[in-house]
Structure formats: structure tokens, C-alpha cells
């Protein structure tokens with residue numbers, strides 16, 4: 001009885017495979033692998049290839065239910081576009097047992113070509129971070145809801161619509177449905193929401209200036225100016241949250257754009273633009289905090305008791321502590337997140353994509369990412 005080959009590799013030659021498939025047993029998985037289950041639909045484009053290998057076996061048990069480790073080369077920079085690929089079978093001793101034609105050469109070339117493998121690898125990469133994207137979209141949606149509770153406007157409506165759209169297309173992207181229409185829409189989001197952020201940034205600067213220059217409406221006491229500054233603080237809070245929601249849409253759109261091949265230089269410049277925008281925003285928030293503290297410290301009245309004046313100062317400083325300070329910390333965290341995303345994406349695209357596929361009756365039924 002023929003035994004399951006140790007490994008199948010497909011490529012220009014056996015030493016430089018574009019993809020390799022190794023048979024595994026459940027016991028091996030339990031002993032030596034850290035796995036994270038993913039969406040099996042992400043490898044739909046490789047299904048014909050994966051189906052061809054178990055059907056070449058004579059063991060009914062292995063043909064009906066078995067596991068495979070699939071490794072897709074990282075850059076795939078030196079592979080050919082579907083020309084000259086061959087399949088090689090390695091035995092237990094690590095030597096080539098046979099050169100196998102699992103299917104005719106043209107069909108093999110069509111299945112295993114640079115574009116298909118890159119797209120499949122991108123989809124598998126998507127599965128690893130689309131869950132994170134969706135989590136961020138949910139958080140942004142909650143922020144939209146909170147902002148809308150005290151003032152719904154054109155900006156929050158656009159952000160809300162964008163979030164709903166991104167959540168709609170995420171499942172399709174996870175399955176590898178990388179349509180030009182979606183790619184174009186993601187570009188539109190970058191233009192639209194970077195423009196919204198520019199307007200909000202100017203609104204924050206203008207509101208901060210109002211805090212510094214606003215006149216005391218009362219001749220007696222500090223209640224009037226306290227109420228006025230507190231109103232401006234609420235305006236600032238709304239503008240800051242909206243700016244970050246718009247940024248969240250841009251970040252999520254960029255992560256989705258990274259699933260499409262090509263435009264590498266555009267993605268790099270966009271990451272740089274996002275980091276620069278976050279840095280400028282951090283400086284604006286620091287200026288806003290300084291203006292607020294100076295204005296609050298300067299509150300005084302000859303006709304009001306010190307206790308009453310201090311109570312108003314405490315009220316205004318409370319906003320700085322409960323609202324502005326957390327936003328400033330989140331902005332610093334955003335800078336680190338953007339930096340990490342750039343690094344992780346570069347590593348993920350340069351390293352081989354490793355996964356384990358559970359096959360049943362010639363069909364992939366489960367997918368696991370090997371950590």
C-alpha cells in the first residue's frame with residue numbers, strides 16, 4: 001500500500017518551492033503546534049490544489065480525513081507567473097521520491113502562480129488582523145453613538161455611514177474578494193476623512209483660542225466665565241472625539257488597502273501621513289491643555305469668596321483630568337500602534353505564510369494559522 005508522502009512541493013525546482021504541503025497527523029498537531037483557527041474560506045483559491053494531493057493517495061482513510069501543513073513563500077519575488085511549475089514528492093528520508101503530475105501542466109500553472117499565491121497569502125494575513133479592525137470599528141461606532149447623544153451633525157453621520165460600509169465589506173475581504181470597486185471606495189475614504197480631520201483640527205485650535213480670549217460676562221463672581229469655559233470644553237471634547245473617529249476610519253481603510261497587491265509606495269507614504277497627522281494632533285492637544293490651565297488658574301473675583309472661586313476652578317480642572325488627559329494618552333498610544341502596524345505588516349509580507357488545513361473527503365473544512 002502506498003503511504004502518504006512526507007511532503008509535496010511545487011515550484012521551479014524542489015529547492016525553491018513557491019508552496020509546500022506536508023501531511024500531518026492529529027497527534028503531531030496536539031504535541032508541537034500553537035494554532036489559531038481562521039476562516040477556511042480564505043483558502044478557497046487553493047482548494048483545487050489541496051484537493052488534488054489527497055486524491056492522489058491510495059489510502060482511503062487518509063483520502064477521507066487528514067491534515068496538511070501548507071507553507072506559502074513570503075515575498076514570492078523570484079517565482080514565475082505560472083510557467084514551468086512542477087510537483088515533487090519527498091519521502092521519509094527527505095529525498096525526492098518522484099516527480100508527480102497531479103494535474104496537467106497548464107492547470108497546475110494556473111493554480112500556482114504568483115498572483116494567486118500572493119492574494120491567498122494576503123487573505124490569510126487579513127484573517128489575522130481583520131478581527132482587530134472589526135473591534136476598532138465597533139469601538140468607533142460606540143463613540144459615534146456617544147457623540148450623537150449630545151449633538152448629531154453632518155460629520156458624525158458620515159463617520160457612521162463609513163463604519164457601516166467598512167463592516168459590510170470586511171467579511172468579503174476576508175474571503176479574498178478584493179474588487180477594484182472596494183479599492184476605489186477605500187481611496188475615497190482617505191480623501192474624505194483626511195479633509196474632515198483638517199476642519200476639526202482647525203475647530204480645536206479656534207476653540208482653544210476662544211478659551212484664552214473669552215471675556216467674563218459677569219461683573220461679580222466667576223460663575224459666568226466658568227459656565228462659558230465649560231461650554232467651550234464640551235465643544236472641544238466633541239471635536240477631539242470626532243477627529244479620532246475620522247482617524248479610526250482612515251486607519252481601518254489603510255489596513256484593508258494593505259490586503260491589495262501593488263501600490264507599496266502609496267501605502268508607505270499614507271502610513272507616514274497618518275503618523276504626521278497624529279503627531280500634529282498631539283501638539284495641538286498639549287497647547288489646548290496649557291491654554292486651559294492658564295485660563296483656569298487666572299480666575300479671580302474681588303466680590304466672591306475664595307471657596308466659591310476654587311470650586312469653579314475644581315469644576316473646570318475636572319474636565320482636564322477626566323476628558324483631556326485620557327485623550328492625550330490615547331494619542332500617544334496611537335503613535336505606537338501605527339508604528340507597530342507598519343512593522344508587523346512588513347514582517348508578515350516577507351515571511352512565509354504557515355497554516356494547517358484539515359481536509360475531509362477532499363475538501364478543506366478547517367483552517368488554522370500556525371503561530
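The values are calculated or read from the model by the stated rules, or taken from the named source; none is laboratory data. What you see is a predicted model, and the numbers here were worked out from it, not measured in a lab. Positions of Cβ are generated from backbone atoms using ideal geometry, with glycine treated the same way; all protein chains shown enter the neighbour counts.
Taken together, the criteria place residue 117 among residues that are outside the structural domain of residue 237 (by TED's automatic domain parsing), within 24 Å of residue 367 (Cα to Cα) and modelled with pLDDT under 90. Residues being assigned by TED's automatic domain parsing to the domain that holds residue 337, in contact with a helix residue (DSSP H, G or I) (Cβ under 7 Å, 6 or more places away or on another chain) and not in a helix (DSSP H, G or I) are entirely absent from region 179-196. Scanning region 215-232 for residues that are within 15 Å of residue 308 (Cβ to Cβ) and either in a helix (DSSP H, G or I) or in contact with a strand residue (DSSP E or B) (Cβ under 7 Å, 6 or more places away or on another chain) (or both) yields a total of 5. The residues listed here are 226, 206; of these, the one that is surrounded by fewer than 15 Cβ atoms within 10 Å (Cβ to Cβ), at pLDDT 90 or above and farther than 22 Å from residue 160 by Cβ is 206.
Residue under question is residue 236, and the condition is that it be in the same structural domain as residue 329 (by TED's automatic domain parsing), outside any helix (DSSP H, G or I) and buried (at least 20 other Cβ atoms within 10 Å of the Cβ); does it hold? No, not satisfied.
Counting only residues that are more than 16 Å from residue 209 (Cα to Cα) and in contact (Cβ under 8 Å) with a residue 40 or more places away in the chain, how many does region 283-312 have? Qualifying residue count, region 283-312: 8.
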